[in-house]
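The values are calculated or read from the model by the stated rules, or taken from the named source; none is laboratory data. The shown structure was predicted, so the numbers you read here are calculated from the model rather than taken from an experiment. Ideal geometry is used to build each Cβ from the backbone, glycine not excepted, and the neighbour counts take in all protein chains shown.
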């Protein structure tokens, strides 16, 4: 039974009426299950009532009309309407409502293809999946760049077809993005655009094959060094956590995991309760890239940090991930959340760095092991590398420190 959130039955009855009130109890129970306060639950229901009145005026008679591309167009129109009226957060309750109905199986789950901003990309997405057989993550990267290119061309969400364009617009888009991307990151951008333009040409939507005019920047293997920190700087980041604060135990446990095992952000975010074997003192990691199971010793420091968080700061939840959001909805953290924790504590540690992020700690961890005398094979196994070549880069970061102990060259007379 959901908790009472309305002062009188009459007010509750008002919100139960209409199109979106059909699954009123389902939505309330979902919010309560995900840790929303009474105030938030009441606000979200009020958002739904407002949206229901809007849909009634537009002649919408079924919640299923809010799915797919047509549904996205309705939601965009409603969002613009709310902002024009000064209701800046009205659409947030509707997004939660649709997400709750998808999670409970009342509505079919939205696929990446249903949430595309532009109709023209759906056919290309199907091509990448069915003809080229690309993984979902790779398809997502392609669609990300294509939709960004469409925005650059001035396309509006769900409201216009792709305008006529030439290589000049493509070049200007690449130049714009290149200002914030390194050379190695510009390669995937060029590859995505090249693939899409070739698809448009082969499907008869472009008269000229513009893909042959796009070149990627030349990059050489092991040409650059990953940025690393001295180990005392890494410890300074970990020790900058205020463990007595509300989020302190969680942040500390995350940083201890990153610096003890050199894990990726996604590996920490996806760590589940059953991955920790307390009796055998082992921790199970599935490396994000290799996919091979990795079993590591559960050190005393890591165990204590995780236990402190689990006992005092983790809320009860149906999600099995160790680390959850500290406010509703209590879902698992994402890689972006982990990156925020790292960057926040780099700042608190007083370190001024051009770039931070979890991979900075991973690079520093590997370099630290090399300086301690660990072999490349040992480090590669610990980091979950598929090939030893991936570990070779760290020999360069360690070699840089030889300059500090270089002997003076005697003067030749």
(message) Among the residues of segment 255-276, are any in a loop (DSSP other than H, G, I, E, B), in the same structural domain as residue 329 (by TED's automatic domain parsing) and loosely packed, with under 14 Cβ neighbours inside 10 Å?
(response) no
(request) Might you let me know whether segment 313-322 holds any residue that is without any contact (Cβ under 8 Å) to a residue 40 or more places away in the chain and under 26 Å from residue 37 (Cα atoms)? (result) yes
(message) Quick check on segment 277-294: of everything there that is touching a strand residue (DSSP E or B) at 6+ places or on another chain (Cβ under 8 Å) and at pLDDT below 90, which residue is surrounded by the fewest Cβ atoms within 10 Å (Cβ to Cβ)?
(response) 293
(request) Keeping to segment 160-178, report how many residues are exposed (fewer than 12 other Cβ atoms within 10 Å of the Cβ) and modelled with pLDDT under 85. (result) 3
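Among the residues of segment 33-42, is any farther than 22 Å from residue 82 by Cβ, part of a helix (DSSP H, G or I) and either in contact (Cβ under 8 Å) with a residue 12 or more places away in the chain or not assigned by TED's automatic domain parsing to the domain that holds residue 77 (or both)?
Initial filter on segment 33-42 (farther than 22 Å from residue 82 by Cβ): 33-35, 37-38.
Next, from what is left, pick out any that are part of a helix (DSSP H, G or I): 33, 38.
Now drop any that are not either in contact (Cβ under 8 Å) with a residue 12 or more places away in the chain or not assigned by TED's automatic domain parsing to the domain that holds residue 77 (or both), which leaves 33, 38.
Looking for residues that are farther than 22 Å from residue 82 by Cβ, part of a helix (DSSP H, G or I) and either in contact (Cβ under 8 Å) with a residue 12 or more places away in the chain or not assigned by TED's automatic domain parsing to the domain that holds residue 77 (or both), one finds at least one in segment 33-42, hence yes.
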(request) Might you check whether a residue that is buried (at least 16 other Cβ atoms within 10 Å of the Cβ) and over 22 Å from the mean Cα position of the chain (by Cα) occurs anywhere in segment 139-149? (result) no
(request) Of all residues in segment 313-334, count the ones that are exposed (fewer than 12 other Cβ atoms within 10 Å of the Cβ) and over 22 Å from the mean Cα position of the chain (by Cα). (result) 1
(request) Could you check residue 79 against (1) within 30 Å of residue 145 (Cα to Cα); (2) surrounded by 19 or more Cβ atoms within 10 Å (Cβ to Cβ); (3) touching a helix residue (DSSP H, G or I) at 6+ places or on another chain (Cβ under 6 Å); (4) at pLDDT below 85 and say which number it fails? (result) (2)
